[in-house]
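The values are calculated or read from the model by the stated rules, or taken from the named source; none is laboratory data. Remember, predicted model here, so these are calculated numbers, not experimental data. Note that each Cβ is placed from the backbone with ideal geometry, even for glycine, and that neighbours are counted across all protein chains shown. Keep in mind that these areas ignore ligands, DNA and RNA; they rest on the heavy atoms of the full protein, side chains included. Shrake-Rupley method; radii C 1.70, N 1.55, O 1.52, S 1.80 Å.
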Amino acid sequence: MDSKKYIGMDVHQATISVAVRDAAGKLVMESILETKANTILEFIRGLGGSLWVTFEEGTSAAWLYDLLKPHVAHVVVCDPRKNALLKVGNKDDRINPRKLTDLLRAGLLSPVYHGESGVRTLRELARTYLTVTKDLTRVMNRLKGVYRSWAIPCAGQTVYAPRHRSAWLEKLVQPGVRRRAEQLYQQLDKLVEIRREARQELLRESRKHPAREFLSQIPRLGPIRVALLIALLQTPHRFRTKRQLWAYCGLALQTRSSGEYRYSGGQLQHSKRPPAIRGLNVNHNHDLKSLFKSTATQASGANDPWGDFYQNLLARGMKPAMARLTLARKMAAIVLRLWKKGEHFNPEPLKRKSA
């Protein structure tokens, strides 16, 4: 008799709604648990057999995954954006875990990667650095917005420099507006200091990872970009091919086609009409896409193997935007290969392709 049990959890801040089905699909138990480690583990230990657990990716997903992984046979953290069947019909705390158990039992869930605990510290430091960088950019944009709202030209970086602030503040005649700019300058100074500390901690932690040695040899990948790559990708072995990495980074083309086959003279033939391209895939890691796109944009004007590769694409008649995309995809593929195989960067294949 199959002793496998499928457990669906609808996770909230205070409570977790749980539904349990047996191997035949029969609902055998429902419960509402307090979102505490001891309560959850006590419930899991009370269930016999081989336990398969699923819940949706969310704020507490990483904590719950690490908590349950040693105590169950399999944990699936599913992508809520791909669970279209959950949106059919009514939704509440009782129905949702039941649907999750059905989808888990049928193998219809799309998992979100959770697995490399060795880079957890680096991941948290990378999140801190990226968040502070975004906050700093937001404050800088708001500061320039104050001057532009009063028709004061503020192009360039001098508006942020401490030694020029008195001159810039004198241009704001209205006292309330000047006070607002002063407070934005205070935020700017604090965020610059926090970002500097976050950067140092991120670089210090990244030196503990062996992948840094191989990735840092790739031109245009500085220490910050290498640290972010290790933190965001965690391990290259989660991607079987480079195309899977392209899709994760938002560099994969979305295509649409229909009516691909037809009968001609009694023979089945594939249509020669190319599929319609609908841009890049939407569901992706935005930080990784920004990293590869910014690196490709910077490398497109450089005098190195990347720049030569980009110029060769333009010489073949490719549009600049598509050439930059191709360059970013090539960078991602090389990162994946070097990291997987532990190889050193060799620019010769790029030179042969650009010859």
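Would it be correct to say that ASP79 is open to solvent by less than 40 Å² (accessible area, probe 1.4 Å), within 24 Å of the chain's Cα centre (by Cα) and more than 21 Å from GLU30 (Cα to Cα)?
So ASP79 passes the test.
So ASP66 fits all but one of (1) more than 23 Å from PRO236 (Cα to Cα); (2) within 26 Å of the chain's Cα centre (by Cα); (3) modelled with pLDDT of 90 or more; what number is the exception?
Here ASP66 clears every test but (1).
Test each condition in (1) modelled with pLDDT under 95; (2) open to solvent by 60 Å² or more (accessible area, probe 1.4 Å) for SER264 and report the one that comes out false.
Status for SER264: all satisfied but (2).
For residues in region 82-95 being out of contact with any helix residue (DSSP H, G or I) (no Cβ under 8 Å at 6 or more places or on another chain) and loosely packed, with under 12 Cβ neighbours inside 10 Å, which is modelled with the highest pLDDT?
Only one residue tops the list, namely ASP92.
Does region 172-183 contain at least one residue that is surrounded by 13 or more Cβ atoms within 10 Å (Cβ to Cβ), β-branched (Val, Ile, Thr) and part of a helix (DSSP H, G or I)?
yes
Suppose the filter is at pLDDT 95 or above, under 24 Å from PHE345 (Cβ atoms), in contact with a Leu (Cβ under 8 Å, 6 or more places away or on another chain) and open to solvent by 20 Å² or more (accessible area, probe 1.4 Å); does ILE224 pass it?
Here the answer is yes, as ILE224 does meet what is asked.
Got a number for residues in region 4-20 being in contact with a Lys or Arg (Cβ under 9 Å, 6 or more places away or on another chain) and either open to solvent by less than 30 Å² (accessible area, probe 1.4 Å) or among the acidic types (Asp, Glu) (or both)?
Qualifying residue count, region 4-20: 7.
Being farther than 17 Å from TRP339 by Cβ, in contact with a Pro (Cβ under 7 Å, 6 or more places away or on another chain) and not polar (S, T, N, Q) is the filter here; which residues of region 212-271 pass it?
Within region 212-271, ARG256 is the sole residue that qualifies.
Could you please let me know if LEU41 is farther than 23 Å from ARG123 by Cβ and either over 26 Å from the mean Cα position of the chain (by Cα) or open to solvent by less than 50 Å² (accessible area, probe 1.4 Å) (or both)?
Here the answer is yes, as LEU41 does meet what is asked.
Would you check which residues across region 96-129 are among the aliphatic types (A, V, I, L, M), open to solvent by 30 Å² or more (accessible area, probe 1.4 Å) and either at pLDDT 95 or above or assigned to a helix (DSSP H, G or I) (or both) and list them?
ALA106, LEU125, listed by residue number.
What is the one condition in (1) over 21 Å from ARG120 (Cα atoms); (2) open to solvent by less than 60 Å² (accessible area, probe 1.4 Å); (3) within 18 Å of the chain's Cα centre (by Cα) that LYS242 does not satisfy?
(2)
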